[in-house]
């Protein structure tokens, strides 16, 4: 018999993830606001500098998007969780016996041969009919 798994509280994992992601989003928003303000200050000072001298200034980088700031570990954790769930589901599958598998395979091969023979005969017949009509 398989091992019994303890069920965790339905909201415990989700709440932890939500807290972590909420903190991450707050941090990213704060960083993007700060970089946007720096870009605005740099832009205004850049305009003043251009009036004084014609030396081109480097453009400031755009604020990082929220999606770009997401940690890559979420993808790895999601992939590992998916594989765990696949393992659990595969344990639930009722696998056919060797005899059933061989029987089904023989039936499939026989039907493929029968249908290919039928289609071959129909193809030859139609090609001969077209040849007669065209002559």
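The values are calculated or read from the model by the stated rules, or taken from the named source; none is laboratory data. As the structure is a prediction and not an experimental result, all values here were calculated from the model. Counting neighbours? That spans all protein chains shown, and the Cβs are built from the backbone with ideal geometry, glycine included.
Quick one: is residue 101 under 30 Å from residue 28 (Cα atoms) and either under 42 Å from the mean Cα position of the chain (by Cα) or at pLDDT below 95 (or both)? When the stated conditions are applied, residue 101 does not pass them.
Being part of a helix (DSSP H, G or I), surrounded by 10 or more Cβ atoms within 10 Å (Cβ to Cβ) and in contact (Cβ under 8 Å) with a residue 24 or more places away in the chain is the requirement here; does residue 121 meet it?
Numbers: part of a helix (DSSP H, G or I): yes; surrounded by 10 or more Cβ atoms within 10 Å (Cβ to Cβ): yes; in contact (Cβ under 8 Å) with a residue 24 or more places away in the chain: no.
It is false that residue 121 is part of a helix (DSSP H, G or I), surrounded by 10 or more Cβ atoms within 10 Å (Cβ to Cβ) and in contact (Cβ under 8 Å) with a residue 24 or more places away in the chain.
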